[in-house]
1. When the helices in the chain are scored as -39500 (n - 2.57) per DSSP H run of 4 or longer and the sum is shared across all residues, what 222 nm value do you end up with, to the nearest 500 deg cm²/dmol?
2. Along region 14-19, what does the Karplus equation 6.51 cos²θ - 1.76 cosθ + 1.60 (θ = phi - 60°) give for ³J(HN,Hα), rounded to whole Hz, x for Gly and Pro?
3. As a test of understanding, state the convex hull volume per residue of region 134-180 from its alpha carbons, in Å³.
4. Rounded to a whole number, what % of the accessible area of the chain do carbon and sulfur atoms account for, probe 1.4 Å?
5. Per 5 Å bin, what percent of the C-alpha pairs of the chain does each bin hold, from zero upward?
6. Please work out the average accessible area per residue across region 19-108, using the 1.4 Å probe convention, and give it in Å².
7. Contour minus end-to-end for H93 and E45, with contour as 0.36 nm per residue of separation and end-to-end as the Cα-Cα distance?
8. Which helices count as membrane-span-like in the chain under these terms: full DSSP H, at least 18 Å along the axis by C-alpha, Kyte-Doolittle mean of 1.6 or more?
Amino acid sequence: MAGKVFFSVSMSLDGFIAPESAEELMGRRWMELQAWIFPQRFFRENLKLGEGGEEGRDNDIARELFERTGASVMGKRMFDAGERAWPEEAPFHTPVFVVTHERRDPWERPGGTTFHFVNDGIETALDLARQAAGDRDVRVAGGGETILQYVNAGLIDEFSIALSPVLFGSGVRLFEGVDANRFALRQVRSEPTERATHLTYEIRER
């Protein structure tokens, strides 16, 4: 179990990663936030949206994020939104561990994604994800509250932000409530593309 624990999100210039309500997902602002990834060939292939698409650096980054991930963890709010929006062949193609109070049998989807529902907290979910991922990385997929819980628990090694050239004005802030006195960051990468600026940081305790 040598992999890292990381998260990767798209973020607006004013610090938001999602609209306030799940009903606004897939709305205009959300589509603008994610505009860097929608045209990419890898994204289109993974969601079976048809042939074609762009093949530049944004496409490479999307593929790299997918290929490094051996398992994912997410919160119940993200799962509930995705259960309504994902295609039958969910886009993870790995085990996914959902942090929830709900008791539910594993939900297997075509294409290699199985959702497991974990009732014992974020650390248990991460332990199970690490075992499933083997030597690959574990991605904390979201949403914002779940990411923050893992950050404040000191369980995130690295994170990536695709900084999109949009303004939200309100919504879910990525670091609202972070324990800023506990952690320091080291910038690993800053890479601008035509559609976004890709930033990667390592997290370490002060």
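The values are calculated or read from the model by the stated rules, or taken from the named source; none is laboratory data. Note that the structure is predicted; figures quoted are calculated from it, not measured. Counting neighbours? That spans all protein chains shown, and the Cβs are built from the backbone with ideal geometry, glycine included. The protein model used for the area step is the full one, side chains on, heavy atoms only, and it has no ligands, DNA or RNA in it. Shrake-Rupley method; radii C 1.70, N 1.55, O 1.52, S 1.80 Å.
1. -7500 deg cm²/dmol
2. 9, x, 9, 10, 6, x
3. On the way: hull volume 4.9 nm³, N = 47.
Spread over its residues, the Cα hull of region 134-180 gives 104 Å³ apiece.
4. Result for the chain: 48 percent of the exposed heavy-atom area is carbon or sulfur.
5. Here the calculated profile for the chain is 1, 7, 14, 20, 22, 19, 11, 4, 1, 0.
6. On the way: 5000 Å² over 90 residues.
Ligands and nucleic acids excluded, the figure is 56 Å² per residue.
7. Net length gain for the segment: 16.0 nm.
8. On the way: long enough: none.
What comes out of the filter, once short or polar helices are dropped, is none.
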